[in-house]
Structures are given as C-alpha cells and as structure tokens.
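Participant: Here it is, the structure, as structure tokens.
The values are calculated or read from the model by the stated rules, or taken from the named source; none is laboratory data. None of these values were measured; they are calculated from a predicted model. Positions of Cβ are generated from backbone atoms using ideal geometry, with glycine treated the same way; all protein chains shown enter the neighbour counts.
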Ligand code: GLU
C-alpha cells in the first residue's frame, strides 16, 4: 500500500479543500485562506547553565486575523517544525470561527526538549523567544497561550518580558493561560478537557447512548487527556484505558483515576502502574474495545494503518490533528461518529478568550461564570455543526469546516481588499 502523506500542513489543506469544494469557494479565497498570512522563523542564542551557548530555533505563524487578533498556543518539543506550526495555526483560525469567538488563528513553537532544560534555562529560552517574536505579538495583534509542554509559569515569563520590552505597559492581555495572580482565569487549565467532555456528552445524547453504560479510552494523559478523563468520569462514564508517553494501561472493569493520579504524583509516568493490563505497543490502546475514544496526544495517531481496527463508536478529538484524511474516510465508512478537533478541543481557546476579556475589563470572573459561559458556547457550536452535518449529509469535520470557512469568508468580503 502507498505510504500515506502525514505532513500536517498538507493534511490541514486537504481538510480545508473538502469543505471549500462543497462551498464552491472562489479560487482567490482558497489561495488566501489555505496559506498563513505570515511565517516567522527565528534562531536565537541562549546561555546554558554550564556557560556554553546554544542556538535554538522557534516559529510564530499567523494564519488569519480577519475576525480578530491572531490567537494560538506555543509548544515546546524536539519535533516542532514549520509545517506542523503552519497546520496548527490554520486549525486555530477554523477553531475560533467554529466556536464563534472574535479571534483569528496563529501558533508558535520552540524546538527543544524542556525535560532536558533546567528551570533557569527554560526561563532564558522563553524570555529570548518572547523577545524574538515581540515585534509581531500584542493584546490586539497576536495572543499566545500554552500548548504542549508550556504552562502558566511560561506564560508569566512571556508577559513579564513583553511588558519590559514595551516601556512597562501593563499588557496582561498579550498572552492567556496565565497564573491566577497575574490576570489568569479560573478553570483555564481544565478548559480544553471540559470542552471535550461537553462535546462528548452532546454526541452521546445524539447517538442515543446511555452515559452510565458508556466506556471510554483516553490516549494521552497530559493537560487535555487527564481533565477529559476526570470530567467524563464525573458524568458517569467508565474510563477503561489511558496512556502517556511511557505506556498504555487498560482495565475493562474501569480504572480508578484518583489512584492513577496518586501514582503519577510519585512516579511521574504511568510505567509500572500495578492495577491494570499494560498494552504493548502502547499505540494499540486506540484499537481496544471501547465505546468512546478520545485521542488527546499528538497529530497523526489514527491513520490508514489502524483506522480499520478501531472499535469505538464515537471519537472525540482532544488533540489537534489526530486523524488523517485517509483514516477519516475509513471511519466514515465504518459509521464511526467523529467530533472533530476544531470543535471538540475549542474549550481551551474559548476560556482564553474569556481571560482576555477579563483582562481588558480588569475583572476577575468566578469559576461558575466560566463554566456556564463555556458550556453555552460549546453546546451551541456543537448544535450548529451537527445540524449542518445532517442538512448537508456530510461528516462533522466537513460541517465544522464549512461553518468556519463561511464565517471567515463573510468577514473577508465585508472588509474588502486593501488598498
Ligand atoms: N493550545 C490550545 C489549542 O490548541 C489553546 C490555544 C489558546 O488558548 O490560544 O487550542
């Protein structure tokens, strides 16, 4: 069999084209919206603790800002590359449009392994990277946030660096996902997982499944996966499998998430966890018997190689880009219902938007406010996508893209072409 194309940027473009074809989008709009507005690539030196100097590479890609400032996270990983960041930036544009918040799409990344950096080195990398991209970010221009391997502390260093760079302008809204004491918002850390839970529960209702009879497997037990699993369990769903980079564990009788969290606080990784079967290779977890599957790790996990073996009835994409277009075709044929990433994981950026509004208003919202507003946004976005999918007889991903592209195109036409 021919090797599948796994370039995330080309995958994002294929997904776009599928919806653009149905929308009969004009050629100039396709050319405009398929490519990012701006790709910034930087190489910068950082002093390491041992006195040596290392050169790091980083990216900030701004895909589209027609509906609002560019918006999207920064990831730290040795695998970061320009095409991955370009794909992630365009997914942000569609994500913010589908959930209807007034932002565009961007993404950034630094090629590094944060587990191999000391806290002081991590801070210096973050500050220098922020300086490198500071000319193109700002509370009304482009607003970074956490993503894989970045967190509230890193956002705090970014705010501090940006404010110092800008004559002490107190610009809290330049990044989201900040610590609570620095303009952060209640519930931001769990927001993506909460959005996954909300959309999963909507899909469960739509498929007429009974929540207390539903089993779930969650791939990835980081920020998105662990909160998704916990919040799904709170809804009565039985979590029977989870994985991290060290291993995958499975127990059809159900996993005790509190026990797992206690194990992780001591051991950091799931490796060696005693109360479940360990699946090898860990990727096989995706193929285990379950009703609901939540891929919440990385891109390209469900491909033409394993899509046929997936037993879940429902897939809710916590990660960005976990399913390839080839796998999508197979899943559609098997009538597996997929809630796409740009809808399912939009809870994170939605609460980022709330944080940004809170910063502009110099307000502090309560956790209850955040949950209520997030719920309303996500349920209405889910409903719009599901209604269109039924009306146009397309899958949920295509419907989500059609809505998102429609919104960006409408705004583009109103704004017109400069000059
Ligand atoms: N990194 C998250 C995402 O991929 C959140 C982005 C944000 O809050 O700007 O959706």
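Participant: If we keep just the residues of the range 136-158 that are part of a helix (DSSP H, G or I) and within 14 Å of the ligand (Cβ to nearest atom), which is farthest from the chain's Cα centre (by Cα)?
Facilitator: Going through the qualifying residues, I end up with 158.
Participant: If residue 101 meets every condition in (1) under 16 Å from the mean Cα position of the chain (by Cα); (2) assigned to a loop (DSSP other than H, G, I, E, B); (3) more than 12 Å from the ligand (Cβ to nearest atom); (4) touching a residue at least 60 places away in the same chain (Cβ under 8 Å) apart from one, which number is that one?
Facilitator: Single failed check for residue 101: (3).
Participant: Something else: Just to confirm my filter: which strands (runs of 3 or more DSSP E) fall fully inside the range 213-304 and include at least 3 residues that are surrounded by 23 or more Cβ atoms within 10 Å (Cβ to Cβ) and under 23 Å from the mean Cα position of the chain (by Cα)? Outline the logic, then answer.
Facilitator: Working: elements: 215-219, 238-243, 248-250, 277-279, 292-295.
Ranges flagged: 215-219, 238-243, 292-295.
Participant: What pairs come out if I take residues in the range 185-205 that are on the phi > 0 side of the Ramachandran plot and pair them with residues that are within 15 Å of the ligand (Cβ to nearest atom) and in a helix (DSSP H, G or I) whose C-beta lies under 6 Å away, six or more apart or interchain?
Facilitator: Once the first residue is on the phi > 0 side of the Ramachandran plot and sits in the range 185-205, its partners that are within 15 Å of the ligand (Cβ to nearest atom) and in a helix (DSSP H, G or I) give 187/370.
Participant: Determine which single condition residue 367 fails, assuming it passes every other condition in (1) within 18 Å of residue 190 (Cβ to Cβ); (2) more than 16 Å from the ligand (Cβ to nearest atom); (3) free of Cβ contacts under 8 Å to residues at least 40 places away in the same chain.
Facilitator: Looking at each condition in turn, residue 367 falls short on (3).
Participant: Which of the residues that make up the range 278-316 are in contact (Cβ under 8 Å) with a residue 60 or more places away in the chain and more than 13 Å from residue 241 (Cα to Cα)?
Facilitator: Matches in the range 278-316: 297, 298, 299, 300, 301, 303, 304, 305, 313, 314, 316.
Participant: Could I ask something else about it? With the structure loaded, tell me whether residue 128 is within 11 Å of the ligand (Cβ to nearest atom), touching a helix residue (DSSP H, G or I) at 6+ places or on another chain (Cβ under 9 Å) and modelled with pLDDT of 95 or more or whether it fails that test.
Facilitator: Against the criterion (within 11 Å of the ligand (Cβ to nearest atom), touching a helix residue (DSSP H, G or I) at 6+ places or on another chain (Cβ under 9 Å) and modelled with pLDDT of 95 or more), residue 128 does not qualify.
Participant: Among the residues of the range 72-90 satisfying the criterion of being in contact with a helix residue (DSSP H, G or I) (Cβ under 6 Å, 6 or more places away or on another chain) and under 30 Å from residue 31 (Cβ atoms), which is farthest from the ligand (Cβ to nearest atom)?
Facilitator: Checking each candidate, the answer is 83.
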